[in-house]
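Student: First the structure, which I've put down as structure tokens, then a few questions once you've had a look.
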Amino acid sequence: MDDVADVDAVAIELTDDERYFMGWALGHWGGAASDAPLPVGLVGVSDWEEFDALTDRLATAVKAGEPLSDLDWARALLLTEISFGSDLIGAGVEFEMACRFADRDGLTLLRSLQRKIASRRRAALLFPGAARPSRS
């Protein structure tokens, strides 16, 4: 699943609330978002069985504060963003109903996670060769 060039684990210091929120969002792929029509290839897996194994692995690692590869951090953040924010292909409005955080708190946590995890380099690992051509 991971590229050979992206096997080095990276520790990102997350707060307890950030770990809980991200773990909750990833867990929704087996719950409220489990029937969402998601192109699983988006995160580099070929079928739903691999997707379920990936989201379980990511949620477990995040909750435990374990380091992940840069590619896995990108996957975890993207899936958290979709799970929390999208009612079309994520948990969306159902997210808040069972989570200990209200939407406004969730948005604050999401922004904090984005500041810590998001980068163009990580996005490029998630979507290799998909960068917009430079404009001349």
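Student: Name the residue, out of PHE95, PHE21, that is in contact with a His (Cβ under 9 Å, 6 or more places away or on another chain), of a type outside the set (Gly, Ala, Ser) and either surrounded by 20 or more Cβ atoms within 10 Å (Cβ to Cβ) or assigned to a helix (DSSP H, G or I) (or both).
Tutor: PHE95
Student: Run down GLY85, GLY65, GLY90, GLY41 and say which single residue is farther than 19 Å from THR15 by Cβ, of a type in the set (Gly, Ala, Ser) and surrounded by fewer than 17 Cβ atoms within 10 Å (Cβ to Cβ).
Tutor: Answer to the check: GLY41.
Student: Pick from ALA25, ALA59: which is at pLDDT 95 or above, small (Gly, Ala, Ser) and closer than 24 Å to ASP105 by Cβ?
Tutor: Unique residue meeting the criteria: ALA59.
Student: Looking at region 98-126, which of its residues are in contact (Cβ under 8 Å) with a residue 24 or more places away in the chain and in a loop (DSSP other than H, G, I, E, B)?
Tutor: CYS99, ARG100, PHE101, ALA118 - these are the residues of region 98-126 that are in contact (Cβ under 8 Å) with a residue 24 or more places away in the chain and in a loop (DSSP other than H, G, I, E, B).
Student: Select from region 52-80 the residues that are touching a strand residue (DSSP E or B) at 6+ places or on another chain (Cβ under 9 Å), assigned to a helix (DSSP H, G or I) and not charged (D, E, K, R) and list them in ascending order.
Tutor: Matches in region 52-80: LEU58, ALA61, VAL62, TRP73, ALA76.
Student: Next question. What are the residues in region 26-57 that are aliphatic (A, V, I, L, M) and more than 13 Å from ILE89 (Cβ to Cβ), if any? Spell out the reasoning first.
Tutor: As a first pass, look at region 26-57 and keep what is aliphatic (A, V, I, L, M): 26, 32-33, 36, 38, 40, 42-43, 45, 53-54.
Listed by number, the residues that qualify are LEU26, VAL45, ALA53, LEU54.
Student: Pairs only if they're at least six apart or on different chains, beta carbon under 8 angstrom, first in region 46-63 and under 11 Å from TRP29 (Cα atoms) and without any contact (Cβ under 8 Å) to a residue 24 or more places away in the chain, second of a type in the set (Gly, Ala, Ser) and exposed (fewer than 14 other Cβ atoms within 10 Å of the Cβ); list them, first residue then second.
Tutor: As it stands, the answer is ASP52/GLY30, since those pairs meet every condition given.
The values are calculated or read from the model by the stated rules, or taken from the named source; none is laboratory data. Note that the coordinates shown come from a computational prediction; the quantities given were computed from them, not determined experimentally. Ideal geometry is used to build each Cβ from the backbone, glycine not excepted, and the neighbour counts take in all protein chains shown.
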